[in-house]
Amino acid sequence: MLEMAIFSILAVVAVTAGIAVIAQRNVVHSALFLLVHFCCLAGLYILLNAQFLAMTQLIVYAGAVVVLFLFVVMLLGLERARELPDPRRYQWIVGSLLGMLWVAALIWALFPQAAQTAPALTRSDNVRQIGAALLTDFAIPFELTALVLLVAVIGSLVLAKKKLEG
């Protein structure tokens, strides 16, 4: 019962923070709502008994990605950008269609067609399995992800330097 209450609170806060991320016009506030969303996801991972994923969520996403995002925003000065006309005038149509698609997928997921049962979750040494998979099967994608993050940091520094010089 307590687990369901904690899940409900975390789910409501996560969805609300996720909506606030895209609804905010201030980039810094959007990043802070993203941080709240990531922390709620870590709490949901803990409820699923996936402590390694929860800590990875906090360290990588809440710690590194949000801080990197805020660093780039502060470096480029996007919070002081002048207000431009809203380019999203007709995006409500696409948003409505995607919303209807999401509701249809939710209904399809809640009411399965056949009596499909998920395999029972077994408790195993998932940290060892994840580490072995990262260093064997997924070593190249793991290193490419690090390279993409490095390119993003270098690109933001180049853009900031051009802005400061010009």
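Read the figures in this text as sums done on the coordinates, not as results from a lab. For clarity, every value in this text was computed on a predicted model and none was experimentally measured. All Cβ positions, even for glycine, are placed from backbone atoms using ideal geometry, and neighbour counts span all protein chains on display.
Brief remarks follow.
- Between residue 23 and residue 139, full extension at 0.36 nm per residue minus the direct alpha carbon distance yields a gain of 38.1 nm.
- Applying 1/(1 + (r/R0)^6) with R0 = 25 Å to the Cβ-Cβ distance of residue 151 and residue 130 gives a FRET efficiency near 0.50.
- Global form of region 1-79, assessed from the alpha-carbon gyration tensor, a/c cut-off 1.5: oblate
- Each of residue 100 and residue 1 was given a label point 7 Å from its Cα along the Cα-to-Cβ line. The distance between the two points is 4.3 nm.
- Under-5 Å amide H pairs with residue 24, H placed in peptide plane, nonlocal only: none
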